[in-house]
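Have a look at the structure below, then the notes.
The values are calculated or read from the model by the stated rules, or taken from the named source; none is laboratory data. In this text the structure is predicted, and so the values were computed from the model without any measurement. All Cβ positions, glycine included, derive from the backbone under ideal geometry; neighbour counts span all protein chains shown.
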Amino acid sequence: MTGQIPFPDGFGGAVYFSWPSPAGQTWILLGHITNNKPSAIFKITNLKHSDATSSNHPFGQMTAQTHLAQIGISVEPESQLAQQTPASIASTSAVEPFVEFSKKMCENVYNFMSSFALTQPQMTPNPTETFVPLSKLSQWYENFQRRLEQNPYFWRS
């Protein structure tokens, strides 16, 4: 599982995610990895307990209480992996990791900066501070997103 040794021919790994719940541990199928697709990014932020398949996973019913999320990988024939349906919200990301990182970074900067926003009446004169209108940050953010969609590597030129 370190990437140094491939799966046996015709096999791959079903990737499951689990978190604790009062009814016991539930496992959600995220997707799979194979020698032809050795890595994937699975979105887990919007997973709900209703997507869990507690009876149809290879790890059995686990009732031990834990406070940690877990990842399970079950080595299975590729033909079986192709027939499995991952949780609807756990689809792999088709966005290039750099593009996804760039968007998240910009959203983070925007959210951080807007948390300090003040209205004109709230401002107190301070000769050592420079203020930038939040509308200009919004304009930059929109321009950045547009340029990133047109060419993810625009920043190289």
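If I ask for residues that are closer than 11 Å to I73 by Cβ and at pLDDT below 85, which ones from the range 1-38 would you list? The answer is M1, and nothing else. Taken as a whole, the condition of being loosely packed, with under 10 Cβ neighbours inside 10 Å, outside any helix (DSSP H, G or I), out of contact with any strand residue (DSSP E or B) (no Cβ under 9 Å at 6 or more places or on another chain) and not charged (D, E, K, R) does not apply to N111. Restricting attention to the range 114-130, the residues that are part of a loop (DSSP other than H, G, I, E, B) and surrounded by 10 or more Cβ atoms within 10 Å (Cβ to Cβ) total 3.
Scanning the range 137-157 for residues that are free of Cβ contacts under 8 Å to residues at least 12 places away in the same chain, more than 23 Å from the chain's Cα centre (by Cα) and surrounded by 10 or more Cβ atoms within 10 Å (Cβ to Cβ) yields a count of 5.
In the range 137-145 there is no residue matching the filter, namely being in contact with a helix residue (DSSP H, G or I) (Cβ under 7 Å, 6 or more places away or on another chain) and charged (D, E, K, R). Is the range 54-67 home to any residue that is of a type in the set (S, T, N, Q) and modelled with pLDDT of 70 or more? Looking for residues that are of a type in the set (S, T, N, Q) and modelled with pLDDT of 70 or more, one finds none in the range 54-67, hence no.
From the list K103, K48, the one residue that fits, being at pLDDT below 85, surrounded by 11 or more Cβ atoms within 10 Å (Cβ to Cβ) and basic (K, R), is K103.
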